[in-house]
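The values are calculated or read from the model by the stated rules, or taken from the named source; none is laboratory data. This structure is a prediction, so every number in the text was calculated from the model and none was measured. We place every Cβ from the backbone using ideal geometry, glycine too, and count neighbours over all the protein chains shown.
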Amino acid sequence: MNLDALPFVEFSNRELLPSLTAVYFAINSQSEVLYVGKSVSLNSRWRYHHRLKILSELGCTKIAWIVSTRLNYSSLELEMISLFNPPVNGKILTKTGLTQRTDCRLTRVINKEVVDIFSKFYGVNHDRYRQDLEWSDLKGNV
């Protein structure tokens, strides 16, 4: 995939990002993908992005994107994470820097059990929440 062919905004001008649904890439000056994410509104997402500080520290110079729909942006994000293996995805920020998440699997198991119990107790089908949890299993996030 040629990242240079994608539309982008300089990291310092991220307030100019459009309000559209997309999978986005935080990229450094060597054209290395630091982070891949998805959003229903790029502009809103980057106002208070949870990785803003670390991406700035790692030398993020631009944010590029692929326009998507809400129907396929989760699978597209997973494909791009798999393709680029960005260093910030799947990590948590601690006082000492980025650390691999180790507690995620247990949390996902507990969350799935809670959804199953809730569904049985109230007689409600919560497949959507279960599917979201399964997506997060594939991504390595909670």
Inset, instruction - Those residues that are of a type in the set (A, V, I, L, M, F, W, C), under 12 Å from the mean Cα position of the chain (by Cα) and assigned to a strand (DSSP E or B), I need them from region 18-72; list them, please. - result: ALA22, VAL23, PHE25, ALA26, LEU34, VAL36
Inset, instruction - Look through region 23-51, keep the residues that are out of contact with any Phe, Trp or Tyr (no Cβ under 8 Å at 6 or more places or on another chain) and hydroxyl-bearing (Ser, Thr, Tyr), and return whichever of them is surrounded by the fewest Cβ atoms within 10 Å (Cβ to Cβ). - result: TYR48
Inset, instruction - Can you give me the number of residues within region 52-88 that are surrounded by 19 or more Cβ atoms within 10 Å (Cβ to Cβ) and at pLDDT below 90? - result: 1
Inset, instruction - From (1) surrounded by fewer than 20 Cβ atoms within 10 Å (Cβ to Cβ); (2) farther than 20 Å from ASN85 by Cα; (3) modelled with pLDDT of 95 or more; (4) of a type outside the set (S, T, N, Q), pick out the condition that doesn't hold for LEU17. - result: (1)
Legend entry - Single condition GLN131 does not satisfy, out of (1) modelled with pLDDT of 85 or more; (2) exposed (fewer than 12 other Cβ atoms within 10 Å of the Cβ); (3) part of a helix (DSSP H, G or I): (1)
